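Enquirer: The following block contains the structure, expressed as structure tokens.
The values are calculated or read from the model by the stated rules, or taken from the named source; none is laboratory data. Worth saying up front: this structure is predicted, and the values here are computed from it rather than measured. Here the Cβ is made from the backbone with ideal geometry for all residues, glycine too, and neighbour counts use every protein chain on show.
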Amino acid sequence: MAPSTTTRDSILAYLERETSATSTELAGHLGVTRQAVNLHLRPLIDDGAVVKTGSTRNARYFLASAAPEPEVFSARLQLPGLDEAQVYERVALMLNLRQHLRPNVEQIVHYALTEMLNNAIDHSRAERCVLEARLEAGRVAFEVREAGIGVFHSIAERFRLPDEAAAMVELVKGKTTTMPEAHSGEGIFFTSRVADRMQLRSHRIQLEWNRAKDDVFVSAPRYRKGTTVHFEIRRDSRTHLDGVFEEFAPEAYDYRFEKTRVMVKLLQSEYVSRSEAKRLLHNLDRFAEVELDLRGVRQVGQGFADEVFRVFAAYHPGTRIRAVNADKGVAAMIRHVGGDTG
């Protein structure tokens with residue numbers, strides 16, 4: 001529910017005048033219930049205009065410009081021989097994360113930070129990285145920056161892909177790693193899905209996963225050497241690490257990572273040929289279940305659809321491919337070749 005302009009302005013004006021407020025105070029000001037005011041506050045928080053501190057009835061809301069100053073941990077770390085678990089303990093102690101965060105959020109931050117640091121240690125070919133972690137009023141965030149080989153370049157080099165854009169697509173599928181003897185290729189996949197917002201930037205490609213918008217975006221910022229990972233999650237998040245693993249590594253698959261979801265628009269917005277289908281399908285036979293998210297895809301041709309939903313299925317009967325979020329025209333073409341749009 002998006003707040004009306006009048007409601008939005010009333011909330012922002014009240015917070016500017018009073019510095020902060022509880023949902024009960026805002027409800028009294030607006031003449032609505034607490035439940036209604038919470039529905040109005042959510043998009044303001046998602047947009048970054050309002051910050052929430054605390055939880056349940058003790059929560060207070062601030063304008064972003066008036067929120068309490070964050071607590072910050074910052075360090076320049078030598079990567080050879082670095083122990084990511086010990087680094088996390090330093091961060092948790094300095095920011096008192098176990099006291100300030102809900103157990104589910106602290107568990108997610110622990111997992112995400114150690115996974116992203118381990119990637120820098122094992123894959124970046126850099127000598128050092130910069131780590132910054134911030135405990136803010138309404139969220140906790142961290143960033144890992146190094147000037148190594150670059151995540152997309154590393155994958156393109158290892159698998160002899162034509163360019164870094166192709167490497168990006170392989171990465172978002174999951175199970176893609178340049179060190180299969182030591183890594184499963186799950187770290188970035190699962191970290192991106194437990195975040196409220198995560199950015200992965202390397203050279204001229206930036207990927208962003210955004211939970212509030214339920215979408216993934218790709219952009220082309222100015223060149224930056226190496227890899228930067230930015231991760232953030234709300235302190236009041238209800239996301240649980242076990243729940244995300246259960247979605248993609250469920251009991252039905254003996255808790256193995258056998259299900260993936262691919263945002264098809266990341267490669268292009270129109271697909272016509274069988275060669276485009278083969279590029280998209282590369283390595284997806286490693287999974288038992290694949291969801292192709294087709295939001296933002298304007299058109300698919302008969303050859304493309306036939307290659308994905310009939311030919312691939314015939315050659316790989318152990319992999320089920322299902323299309324989701326297809327518009328009417330795209331869904332009709334998929335059904336024409338016998339594909340699953342359920």
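Enquirer: Could you figure out which of (1) in contact (Cβ under 8 Å) with a residue 60 or more places away in the chain; (2) closer than 22 Å to G338 by Cα isn't true of V297?
Expert: Failed condition: (1).
Enquirer: Here's something else I'd like to know. I need a count of the residues in region 312-329 that are under 20 Å from T260 (Cβ atoms) and either of a type in the set (D, E, K, R) or surrounded by 16 or more Cβ atoms within 10 Å (Cβ to Cβ) (or both).
Expert: Number satisfying all stated conditions: 10.
Enquirer: Does V337 satisfy the criteria of being in contact with a helix residue (DSSP H, G or I) (Cβ under 9 Å, 6 or more places away or on another chain) and β-branched (V, I, T)?
Expert: Yes: the conditions hold for V337.
Enquirer: List every residue pair whose Cβ atoms sit under 6 Å apart, with the two residues 6 or more apart in sequence or on different chains, where the first one lies in region 154-170 and is over 17 Å from N119 (Cβ atoms) and the second, anywhere, is crowded, with 22+ Cβ neighbours inside 10 Å and not aromatic (F, W, Y).
Expert: L161/A167
Enquirer: Output the number of the condition that R261 fails; it satisfies all remaining conditions of (1) buried (at least 19 other Cβ atoms within 10 Å of the Cβ); (2) closer than 30 Å to R134 by Cβ; (3) in contact with a Ser or Thr (Cβ under 7 Å, 6 or more places away or on another chain).
Expert: (3)
Enquirer: To continue, here is another question. Pull up region 99-145, narrow it to residues that are among the small types (G, A, S) and assigned to a strand (DSSP E or B), then point me to the one that is surrounded by the fewest Cβ atoms within 10 Å (Cβ to Cβ).
Expert: Out of the qualifying residues, it is A141.
Enquirer: Would you mention how many residues in region 285-308 are crowded, with 21+ Cβ neighbours inside 10 Å and within 27 Å of the chain's Cα centre (by Cα)?
Expert: Number of matching residues: 7.
Enquirer: For the list (1) of a type in the set (A, V, I, L, M, F, W, C); (2) over 29 Å from Y61 (Cβ atoms); (3) crowded, with 20+ Cβ neighbours inside 10 Å, I need the number of the one condition that F245 fails.
Expert: Here F245 meets the rest and fails (3).
Enquirer: Go through region 262-292 and report how many residues are modelled with pLDDT of 95 or more and closer than 17 Å to F217 by Cα.
Expert: Selection size over region 262-292: 1.
Enquirer: Determine whether region 83-91 contains at least one residue that is of a type outside the set (A, V, I, L, M) and modelled with pLDDT under 95.
Expert: The answer is no, given that none of the residues of region 83-91 is of a type outside the set (A, V, I, L, M) and modelled with pLDDT under 95.
Enquirer: If you don't mind, another one. Condition check: touching a residue at least 40 places away in the same chain (Cβ under 8 Å), of a type in the set (F, W, Y) and not assigned by TED's automatic domain parsing to the domain that holds G185. Does F248 satisfy that?
Expert: yes
Enquirer: Do you know which residues across region 251-282 are assigned to a loop (DSSP other than H, G, I, E, B), in contact (Cβ under 8 Å) with a residue 12 or more places away in the chain and of a type in the set (D, E)?
Expert: The one that is assigned to a loop (DSSP other than H, G, I, E, B), in contact (Cβ under 8 Å) with a residue 12 or more places away in the chain and of a type in the set (D, E): E258.
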